[in-house]
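Okay, so here's the structure we're looking at.
What follows draws every value from the coordinates through simple rules; no lab data is involved. If you're wondering where the values come from, they're calculated on a predicted model, not measured in any experiment. Please note: Cβ atoms are built from the backbone with ideal geometry, for glycine as well, and neighbour counts cover all protein chains shown.
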Amino acid sequence: MAKSAIPDPLERRHLVERDLAPEQALRTAEAYLAEDRVWDAIVFLGKAGANERMAALRDDAVASGDTFLVRELTRVLRDEVPAARWRDVVAAAEAAGKERFAEQARRLADRAEGRS
């Protein structure tokens with residue numbers, strides 16, 4: 001069995017805590033993404049300044065109705081999601097049977113529209 005390209009937990013912690021060259025951070029992020037570990041990849045994408053890659057992941061999260069992943073990627077990107085985009089998350093979450101995600105996205109859409 002081939003050794004995984006992702007760092008072990010202790011090495012990961014050390015990588016998270018120190019400054020990394022953007023290239024190394026991006027390689028680490030891509031290793032996590034290759035194993036479908038998006039949540040683990042986010043910190044390294046942020047360190048790499050890979051905003052386009054994170055925006056693409058956010059688009060995927062919107063399409064899958066994953067409210068929490070959309071929120072985390074938005075936080076790291078330091079931008080905001082407009083109400084219409086949250087409504088897309090609602091629709092995708094409902095289609096996937098993710099009622100809690102849909103409800104959370106609905107609240108975030110209302111908040112983005114100023115209807116808190």
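Roughly what percent of Cα-Cα pairs across the chain reach past 25 Å? Mind showing how you got there, number by number?
Values: 2069 of 6670 pairs.
Above the 25 Å cut-off, the chain has 31 percent of its Cα pairs.
With neighbour counts taken as other beta-carbon atoms within 10 Å, the residues SER4, SER64 rank, fewest first, as SER4, SER64. Normalising the average separation of contacting C-alpha pairs (under 8 angstrom, six or more residues apart) by the number of residues puts the relative contact order of the range 22-107 at 23 percent.
In this label model, ARG100 and ARG87 are separated by 2.7 nm, measuring between points 7 Å along each Cα→Cβ vector.
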